[in-house]
1. Taking square-rooted eigenvalues a ≥ b ≥ c of the alpha carbon gyration tensor, is segment A:301-362 rounded, prolate or oblate, where a/c under 1.5 means rounded and, failing that, a/b exceeding b/c means prolate?
2. So what is the relative contact order of segment A:50-134, in percent, for Cα pairs below 8 Å that sit 6 or more residues apart?
3. Would you work out the relative contact order for segment A:96-250, in percent, from Cα pairs under 8 angstrom that are 6 or more residues apart?
4. Along the Cα→Cβ direction, 7 angstrom out, place labels at A:Trp120 and A:Glu438. What is the inter-label distance in nm?
5. Which entries of A:Lys147/A:Lys311; A:Lys318/A:Lys367; A:Lys91/A:Lys373; A:Lys96/A:Lys377 show an alpha-carbon separation above 24 angstrom in the structure shown?
6. Work out, step by step, the length gained on full extension between A:Thr473 and A:Ser357: first 0.36 nm times the residue separation, then minus their alpha carbon distance; give nm to one decimal.
7. If I model a spin label as a point 7 Å beyond the Cα along the Cα-Cβ vector, how far apart are those points for A:Lys36 and A:Leu375 in nm?
8. Can you check what the Kirkwood hydrodynamic radius comes to for segment A:50-134, Cα pairs only, in Å to one decimal?
Amino acid sequence: MMIPTHQKGKNKAQDFDDLDPVITYRHILQTNLGIKDPLRVVALCDSDAFYAACEMVRLGVTDKPLVVLQWEGIIAVNYPARKFGISRFHKLKDAKERCPELMIVHVATYKEGDAEPGYWDNVDSRTHKVSLDYYRRESSKVFSMFKEGLPDAEIEKASIDEAFIDFTKPVRQALLQRYPYLSQIPADAPNGVDTPLPPPPLIDWGTDSHLIPIYSNADSESTDEETSQSAPLTWHDIALRLAAEMMHKVRVDIATQLGYTTSAGIARNKFLAKLCASYRKPYSQTILRNQAIPCYLKPLEFQKIRFLGGKLGQALAKEYDVSTVADLLPVPLEEFQAKFGESAIWVYEILRGIDRSEVKEKSPVNKSMLAAKALQKPITKIDDGPHWIRVLAAELSLRLNDARKERPNLWPKTLALHAGHGYGTARSKQAPFPFTKEVTVNVIAAAGGKLWKELVGNVTGTIKVTYISLGFTGIEATDASQQSIASFLDSPAVTGVKRPNEEKNGKPSKSRHRNTQRVRSRPSSPSADQNTTSFTCLECHKTLSLSPKLLSTSDVLGQAYALAAMKDEHSDFHFAESVAREMEPEVKEVRGPHKKVKTPKIQEKEIGPRGIEKFFNRT
DNA sequence: CATTTCGTCAAT
DNA sequence: ATTGACCA
């Protein structure tokens, strides 16, 4: 296919050549067109000054200037305070001078031993850690309202205060309902289902949305609305309008019921929706018609585009010594490909208003959960680590157990510890996290403490750590088989509490299983030996071989071994074994030459080019 | 221009 | 398993 822009500078009109595609009955009748759908409509909706709005709701404040403080820094400024010229980068003192009646709210904090975070007037970064949990909870209320208000839309949580919403499906439904003749291919249609749709009706753009202007109106007296309404309507414009109505309704509901104002951008794809969402703020929404894309995009600094704000955008700016989208339009695709490889097509298309990325519905549960602390005074002694690890562990415990109130079957697969000083200097250790139902501060702190030793243990002398974080990764809702094993592993015997009825013959007693369910039928024939995974008990050298059928459970068993290793108790091994045996009775017991022990115990690792001694600066 | 505390994904 | 890029 010929791309006309290969000739430098010439074919500007054809840089944006897909703004008014022919839409046929096939397009409107066919579902699952995905990103190729010429009637695709995507919105980006984000909360205005979200943290500040959360505090206003919490404190019952309306309209008063307010900032949210995190230690000495302002992290959120509500719109009334912005009227005084206050921004996130001002010092608190400057902000107070600009607005003496400014309300100042410090984010919730807690210290070691606190049951939960709280709001305090006097906070001390040397002893306390920030908790952003209140904002997470409020955020999930907002997302619930998106879901309830837009049951047919795909919704992708993009951050704590932002969601992409794919309106294509609900808009299609509304289109066919409002204009039923679209579903009837006329008898005299020349090309049947491939006949273009009749011209769209005239519509009122309404008053709930702003419109991005279609012509540069710098020296024009007409308003944005006039210049944007002047272009002839397309069916895509009708689709945008229908989405705007739905978006507006949900936004009003959220503002009324939760007290959070939002702003939204509505366009044909994700990156354009994100861009135009901030066209007017707060509490407004903006429609970007296809015809308005060129004049909106060309003067734009390309580093403001999502994913061009980092290294790639810098590389582009440096390579061509330019800053706007229009500056890059003459660059042929081949040149991008030579210089930017994989990203070339994506960049080339983005510059032309094309974005193939899909709105991907995400699990309501985050895949990771981390607690982090920046220390203004560095840790210098290895023994100082465990204190902060306990603080971080307490938060993780609180948050995980809170999440489990909604979803009891949530399990974190690994625990990771990061530590470092300054930028780009972090090191980390991670290990499988023990599979227990009782995720207590002690369990997390013990596992975290092990990681800490692994990370800094072989440094002799002084360390320097200004940043430390502890987090779960691989958080998932387990299936029933894992739940049954988990509840077994949480039985008192496994968790270390002695119980009256110990098992006989290595087999657990019935009573221990009254809360577990049998979920897997036996495989009809056992698998061959070469496909099994073996575990050997360090103490008695008994080896357990698991068939591939138990792939998922062997994963769980791995966690059981982690627990055993952590507690230095070999008895857990045998409990794990008996569970496996019960679930798959042909699990083999092997005696004889000991195979290599497979445990999740962290192996001592060779220090790489950026050695640990170099990394943790001696002082 | 920036801090801190998040979170996701990909390369190796 | 570890590191880093990027987002807000």
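1. On the way: a/c = 1.73, a/b = 1.46, b/c = 1.18.
Prolate is the answer for segment A:301-362, as a/c is 1.5 or above and a/b outweighs b/c.
2. Working: 129 pairs, mean separation 20.4, N = 85.
Reported as a whole number, the value is 24 percent.
3. Details: 120 pairs, mean separation 23.3, N = 155.
Dividing the mean separation by the residue count of segment A:96-250 yields 15 percent.
4. Result: 3.0 nm between the two label points.
5. Numbers: A:Lys147/A:Lys311 35 Å; A:Lys318/A:Lys367 36 Å; A:Lys91/A:Lys373 21 Å; A:Lys96/A:Lys377 27 Å.
Beyond 24 Å between Cα atoms: A:Lys147/A:Lys311; A:Lys318/A:Lys367; A:Lys96/A:Lys377.
6. Working: separation 116, 0.36 × 116 = 41.76 nm, distance 2.51 nm.
Answer, rounded to one decimal: 39.2 nm.
7. About 5.7 nm, to one decimal.
8. On the way: mean 1/r = 0.0759 Å⁻¹.
Hydrodynamic radius (Kirkwood, Cα pairs) of segment A:50-134 is 13.2 Å.
We did not get these values from a lab; they are worked out from the coordinates using the rules stated. This structure is a prediction, so every number in the text was calculated from the model and none was measured. Every residue, glycine as well, gets a Cβ built from its backbone with ideal geometry; the counts of neighbours run over all protein chains shown.
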